[in-house]
Amino acid sequence: MAFDIDMIQKVYSQIADRVDKAREIEGKPLTLSEKILYSHLWDGTPTKPFVRGKDYVDFAPDRIACQDATAQMALLQFMQAGKDKVAVPTTVHCDHLIQAKDGASKDLKHANDVSSEVFNFLESVSNKYGIGFWKPGAGIIHQVVLENYAFPGGMMIGTDSHTVNAGGLGMVAIGVGGADAVDVMAGMAWELKFPKLIGVKLTGKLSGWTAPKDVILKVAEILTVKGGTGAIVEYFGPGATSMSCTGKGTICNMGAEIGATTSTFGYDESMERYLRATERADVADAANAVKSYLTADPEVYVNPENYFDQVIEINLSELSPLLNGPFTPDLSTPAGSEMTEKAKANDWPIKVEWGLIGSCTNSSYEDLSRASSIAQQALDKGLVTKADFGINPGSEQVRYTAERDGILSIFEKLDAKIFTNACGPCIGQWARYSDPKNAPKNSIIHSFNRNFAKRADGNPNTHAFVASPEMVAAIAIAGRLDFNPMTDKLINENGDEVMFDEPTGWELPPKGFEVKENGYLAPKADGSDVEVVVSPDSERLQLLTPFEPIGDNVTGAKLLIKAFGKCTTDHISMAGPWLRFRGHLDNISNNCLIGAVNAYNQKTNFVKNQLTGDYGGVPDTARAYKAAGVKSIVVGDHNYGEGSSREHAAMEPRHLGVAAVIVKSFARIHETNLKKQGMLGLTFANENDYDLIQEDDTFNFLDLDGFAPDKQLTLEAVHADGSKDLIKLNHSYNDAQIEWYKEGSALNLIKKQNA
């Protein structure tokens with residue numbers, strides 16, 4: 001039986017009435033995305049239509065998922081909310097704090113040794129407040145969710161940007177900051193701007209070397225890293241229904257890399273097969289009873305241009321394997337000769353040193369089986385593997401089943417390292433170098449989702465390329481970035497020329513899934529007697545102190561940093577070794593914006609302190625301003641805050657006295673996180689005004705006392721020579737969000753309402 005089957009059946013019992021009413025109100029057929037959104041309104045049955053991309057709407061998500069790095073801050077906040085138990089089904093998954101180095105058993109033991117304080121904290125909080133807990137080694141959050149919790153037509157939020165993976169099972173699953181999750185845990189509505197809709201019609205059928213990963217790599221090329229911002233991407237067509245459920249999950253997972261709110265597919269037979277294979281026949285039966293409500297109305301997919309804001313069509317039969325990168329997930333290159341030309345022109349290292357398979361994006365049984373078919377060919381054809389291999393299975397269920405079926409042993413015969421069922425290198429938890437900052441220039445290829453500089457191994461000189469698991473296997477064996485397994489030959493140990501055959505694999509394990517210990521701990525029915533202990537001397541955990549309101553008198557503020565170019569959440573709050581401080585706001589604030597490039601000297605973590613005239617690190621400078629009672633501001637470029645959902649990227653500047661972040665444009669989650677923490681997240685009305693900001697400027701907000709929806713704010717920039725510029729700033733705050741600002745944070749408002 002599935003987890004929370006009563007909740008799922010309740011969703012299905014309401015869906016027909018709510019969708020029928022929404023269709024009547026809209027006066028037209030509905031997309032799947034609209035059906036899920038309208039059936040999850042906080043107020044229940046729809047009473048009015050919503051304007052896409054404009055109206056803020058209150059929703060009632062069905063469940064929440066948190067990973068260990070973000071769960072710490074989310075649960076520290078929830079502990080202040082004054083509740084005895086979470087209001088909706090919630091889970092915590094320990095997958096981020098396990099470093100890949102020596103292999104699964106040693107690495108897991110090391111993680112339990114060094115992070116036991118955090119794991120014990122998360123386990124005790126989960127036990128106290130009715131939260132399901134998945135132990136270290138149980139698996140990567142999004143794979144575990146797909147196997148156990150995702151269900152067609154549901155709505156879920158998670159404190160990780162790749163929560164969207166659950167769209168592979170027909171959900172609207174959205175990555176959020178911890179403060180959003182806390183709202184829902186506390187029994188409050190979750191607010192989202194009603195998304196725009198992008199339809200992707202998939203025709204043809206995948207075959208040969210082309211995989212679901214290539215679909216999203218192509219979509220990323222088309223839409224770029226910000227082309228999906230504010231939209232749900234809905235996939236449909238014969239190419240969609242012919243694809244496996246986990247393949248759909250891969251596509252939805254990497255939708256985070258185009259800035260999409262989420263991505264999803266309509267319920268079909270592949271989803272039913274997956275539900276039954278993962279022992280959720282009860283969910284499949286319930287879904288079948290309402291299946292017409294779990295996909296778009298037929299008219300939508302016949303004439304998608306009439307129902308979506310944008311439509312893209314991709315013929316899977318014509319799609320070829322792609323490699324995306326380096327340093328950005330939307331730079332696509334077809335495998336083979338084009339890569340030779342690009343690599344030469346851009347001085348990318350052709351030699352591949354590592355091939356990494358796994359992560360939340362591509363760690364299913366199907367992924368491992370297809371990649372292993374290439375590895376087996378290397379053994380059979382006498383090939384010597386030129387690159388190192390690393391494998392991260394998605395869950396203990398996948399790992400155990402793959403080991404039982406001999407899949408992992410194939411990789412081990414190629415001297416691959418089988419890492420823990422955890423994120424590992426995908427999020428910088430990879431002890432590849434003792435001194436990553438001074439490590440050599442090199443190329444790696446992986447089946448992950450992100451490839452920003454320093455993302456995997458901390459080395460700014462590592463050129464990371466994203467591909468399907470089978471392409472990763474082939475290119476790692478060949479040891480060359482420009483190898484095309486469809487056309488190129490390799491020389492084996494006997495001096496013979498050999499070629500790879502097309503990859504093969506299984507959508508689902510022929511003998512079924514099997515696992516001895518899945519790593520799940522159910523919470524106590526009544527956790528009132530569970531004690532949660534946080535030592536005041538801890539370096540890893542720190543109880544939170546509520547933020548004071550910034551107020552409407554922001555004058556004399558100093559520039560902390562004007563960030564140049566791409567500034568992701570990795571630049572604002574790095575992962576890797578800093579993950580250990582995710583539960584200690586003051587300690588982790590020492591990484592605040594240390595990866596951002598200073599526009600005035602093109603250096604990182606080197607900004608001018610206007611109080612002394614000296615240059616120093618960003619956190620040190622911010623602390624100096626805060627100690628002097630001086631507010632500061634941050635200025636940024638386009639798509640500021642792209643990447644992970646981590647709210648630390650908002651909480652750290654807030655903790656260090658930053659009053660406003662002013663940019664050309666925001667990534668969705670980060671903008672919301674700033675609002676939740678009671679800060680000003682603003683955009684230049686005229687993007688060129690970014691150029692007016694000078695290093696020695698002092699800033700005055702002239703009309704913050706009139707802060708209101710749809711009303712611009714005016715910033716006075718006073719330059720060192722006494723001259724001034726008036727800069728108009730836009731914002732997307734509504735009345736409720738302005739209340740967050742006035743109270744100091746959304747959490748402050750929750751506490752006030754619950755008092």
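The values are calculated or read from the model by the stated rules, or taken from the named source; none is laboratory data. For clarity, every value in this text was computed on a predicted model and none was experimentally measured. As a convention, Cβ positions derive from the backbone with ideal geometry for all residues, glycine included, and neighbour counts pool all protein chains shown. When the accessible area is computed, the model is the full protein with side chains, heavy atoms only, and any ligands, DNA or RNA have been set aside. Shrake-Rupley method; radii C 1.70, N 1.55, O 1.52, S 1.80 Å.
Just checking, how many residues over segment 406-451 are among the polar types (S, T, N, Q) and in a loop (DSSP other than H, G, I, E, B)?
Number satisfying all stated conditions: 7.
Quick one: in segment 620-657, which of the residues that are assigned to a helix (DSSP H, G or I) and within 25 Å of the chain's Cα centre (by Cα) is modelled with the lowest pLDDT?
HIS648
Starting from residues that are open to solvent by 10 Å² or more (accessible area, probe 1.4 Å) and in a helix (DSSP H, G or I), keep the ones in segment 713-740 and report whichever is nearest to ILE662 (Cα to Cα).
Filtering segment 713-740 for residues that are open to solvent by 10 Å² or more (accessible area, probe 1.4 Å) and in a helix (DSSP H, G or I), the one nearest to ILE662 (Cα to Cα) comes out as TRP740.
Given the conditions (1) part of a loop (DSSP other than H, G, I, E, B); (2) crowded, with 19+ Cβ neighbours inside 10 Å, report the number of the one that LYS558 does not fulfil.
Of (1) part of a loop (DSSP other than H, G, I, E, B); (2) crowded, with 19+ Cβ neighbours inside 10 Å, only one is false for LYS558: (1).
For residues that are open to solvent by less than 10 Å² (accessible area, probe 1.4 Å) and not hydrophobic (A, V, I, L, M, F, W, C), scanning just segment 78-102, find the one that is farthest from GLY178 (Cα to Cα).
ASP95
Which fully enclosed strands (runs of 3 or more DSSP E) of segment 132-237 have 1 or more residues being open to solvent by less than 10 Å² (accessible area, probe 1.4 Å) and basic (Lys, Arg)?
No strands (runs of 3 or more DSSP E) qualify here.
So, in segment 54-77, of the ones that are of a type in the set (A, V, I, L, M) and in a helix (DSSP H, G or I), which residue ends up surrounded by the most Cβ atoms within 10 Å (Cβ to Cβ)?
Here the residue is ALA71.
Answer yes or no as to whether TYR274 is aromatic (Phe, Trp, Tyr), over 16 Å from LYS226 (Cα atoms) and open to solvent by 10 Å² or more (accessible area, probe 1.4 Å).
no
Give the number of residues within segment 314-361 that are open to solvent by 40 Å² or more (accessible area, probe 1.4 Å) and in a helix (DSSP H, G or I).
Residues that pass the stated criteria total 10.
Looking only at segment 539-555, filter to residues that are closer than 30 Å to ARG455 by Cα and touching a strand residue (DSSP E or B) at 6+ places or on another chain (Cβ under 8 Å); which one of those is most open to solvent (accessible area, probe 1.4 Å)?
Filtering segment 539-555 for residues that are closer than 30 Å to ARG455 by Cα and touching a strand residue (DSSP E or B) at 6+ places or on another chain (Cβ under 8 Å), the one most open to solvent (accessible area, probe 1.4 Å) comes out as GLN542.
So, LEU30, is that one open to solvent by less than 30 Å² (accessible area, probe 1.4 Å), outside any helix (DSSP H, G or I) and out of contact with any His (no Cβ under 6 Å at 6 or more places or on another chain) or not?
Judged against the criteria, LEU30 is a match.
I want to confirm something. Restricting to segment 623-655 and keeping residues that are touching a strand residue (DSSP E or B) at 6+ places or on another chain (Cβ under 6 Å) and of a type in the set (A, V, I, L, M, F, W, C), which single residue is farthest from LEU713 (Cα to Cα)?
Step by step, filter segment 623-655, then rank; the result is ALA649.
Matching residues to (1) open to solvent by less than 80 Å² (accessible area, probe 1.4 Å); (2) of a type outside the set (A, V, I, L, M); (3) free of Cβ contacts under 8 Å to residues at least 60 places away in the same chain; (4) touching a His at 6+ places or on another chain (Cβ under 9 Å):
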residue: PRO460; (1), (2), (3), (4): yes, yes, yes, no
residue: ALA467; (1), (2), (3), (4): yes, no, no, yes
residue: MET471; (1), (2), (3), (4): yes, no, no, no
residue: ALA478; (1), (2), (3), (4): yes, no, no, no
residue: ASN494; (1), (2), (3), (4): no, yes, no, no
residue: GLU497; (1), (2), (3), (4): no, yes, yes, no
residue: GLY505; (1), (2), (3), (4): yes, yes, no, no
residue: PHE513; (1), (2), (3), (4): yes, yes, no, no
residue: ASN518; (1), (2), (3), (4): yes, yes, no, no
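Inside segment 420-438, can you point out the residues that are surrounded by fewer than 17 Cβ atoms within 10 Å (Cβ to Cβ) and either of a type outside the set (Ser, Thr, Tyr) or within 20 Å of ASP347 (Cβ to Cβ) (or both)?
Matches in segment 420-438: ASP435, LYS437, ASN438.
Does SER573 satisfy the criteria of being closer than 23 Å to CYS423 by Cα, at pLDDT 95 or above, buried (at least 24 other Cβ atoms within 10 Å of the Cβ) and not β-branched (Val, Ile, Thr)?
yes
Can you work out which of the residues in segment 656-665 that are open to solvent by 10 Å² or more (accessible area, probe 1.4 Å) and among the small types (Gly, Ala, Ser) is farthest from THR714 (Cα to Cα)?
Top of the filtered list is GLY657.
State yes or no: is ASN590 open to solvent by 40 Å² or more (accessible area, probe 1.4 Å) and either of a type in the set (A, V, I, L, M) or under 30 Å from VAL125 (Cα atoms) (or both)?
For ASN590, the condition - open to solvent by 40 Å² or more (accessible area, probe 1.4 Å) and either of a type in the set (A, V, I, L, M) or under 30 Å from VAL125 (Cα atoms) (or both) - is met.
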